[in-house]
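The values are calculated or read from the model by the stated rules, or taken from the named source; none is laboratory data. The structure presented is a predicted model; accordingly, all values stated were derived computationally and were not measured. Please note: Cβ atoms are built from the backbone with ideal geometry, for glycine as well, and neighbour counts cover all protein chains shown.
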């Protein structure tokens with residue numbers, strides 16, 4: 001059954017029921033509400049199901065996956081479901097991101113206004129992500145294109161970007177139709193960057209600085225291989241594998257070499273122990289053979 005309206009929010013969650021509850025409340029409190037809210041549960045072992053069930057809003061759709069497929073797998077499944085149900089816009093976010101009341105309205109307005117003014121179709125529109133203290137959230141900073149301020153003015157506050165995180169990004173249906181879904185086999189890390197760079201091949205996305213979202217992470221740090229610890233090594237291993245695979249696919253061995261140099265430099269500057277460095281290098285070698293499929297509608 002197709003949607004009668006156009007916008008679907010997709011929230012992926014795993015064992016963060018308290019934060020998820022706040023995210024759902026923030027989504028439902030939007031000045032322009034999404035028509036449906038898909039909560040994709042990555043086989044949580046906490047009370048996520050009960051928390052979602054307590055939300056009585058009829059727009060909520062709870063989807064529990066049979067196993068934890070990571071953020072990448074969750075977004076793949078959620079976007080696939082929303083697309084198959086006919087959504088014209090997919091609003092993507094994590095389970096610890098609280099959008100301000102006008103966040104979705106400003107993203108929708110940005111895409112529609114940009115198309116009307118310039119006859120170009122942005123491949124996505126992303127929000128400004130702030131940390132819990134109001135400062136810039138370093139891990140969610142979009143990557144600009146070379147001519148990023150081309151359309152920026154007081155009347156049109158849009159900056160051109162080629163990639164962003166999955167923390168409040170609005171993706172039009174045509175971009176999914178032409179470029180497919182996120183790579184579920186990535187499991188976690190770099191799935192958002194790969195996907196937005198892929199769809200931006202049609203036309204860059206736009207950064208809408210007035211659309212705000214708060215990212216409730218434990219600390220405010222970017223993705224830097226000098227920050228590897230025993231606790232987060234597993235994430236960096238996925239990131240190293242995934243980005244190596246991406247660089248090889250998109251830029252060949254020169255892209256891989258540039259990425260390897262950056263990783264080596266960051267780990268050296270961060271004085272990452274040798275054992276952990278070797279784990280990252282092994283993950284990069286696996287990335288040379290890792291060629292996951294891109295699934296299209």
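I'd like to check something: does region 126-140 contain any residue that is part of a loop (DSSP other than H, G, I, E, B), touching a strand residue (DSSP E or B) at 6+ places or on another chain (Cβ under 7 Å) and assigned by TED's automatic domain parsing to the domain that holds residue 28? Looking for residues that are part of a loop (DSSP other than H, G, I, E, B), touching a strand residue (DSSP E or B) at 6+ places or on another chain (Cβ under 7 Å) and assigned by TED's automatic domain parsing to the domain that holds residue 28, one finds at least one in region 126-140, hence yes.
Hey, among 51, 39, which residue is in the same structural domain as residue 169 (by TED's automatic domain parsing), surrounded by 17 or more Cβ atoms within 10 Å (Cβ to Cβ) and within 19 Å of the chain's Cα centre (by Cα)? Write out each step before concluding.
On the way: 51 fails: within 19 Å of the chain's Cα centre (by Cα).
After ruling out the rest, the residue left standing is 39.
A single member of 83, 62 is under 20 Å from residue 126 (Cα atoms) and outside the structural domain of residue 235 (by TED's automatic domain parsing), and it is 83. Apart from one condition, residue 116 fits all of (1) in contact with a strand residue (DSSP E or B) (Cβ under 9 Å, 6 or more places away or on another chain); (2) farther than 24 Å from residue 40 by Cα; (3) assigned to a helix (DSSP H, G or I); the exception is (1). None of 245, 193, 211, 202 is buried (at least 23 other Cβ atoms within 10 Å of the Cβ) and outside any strand (DSSP E or B) except 245.
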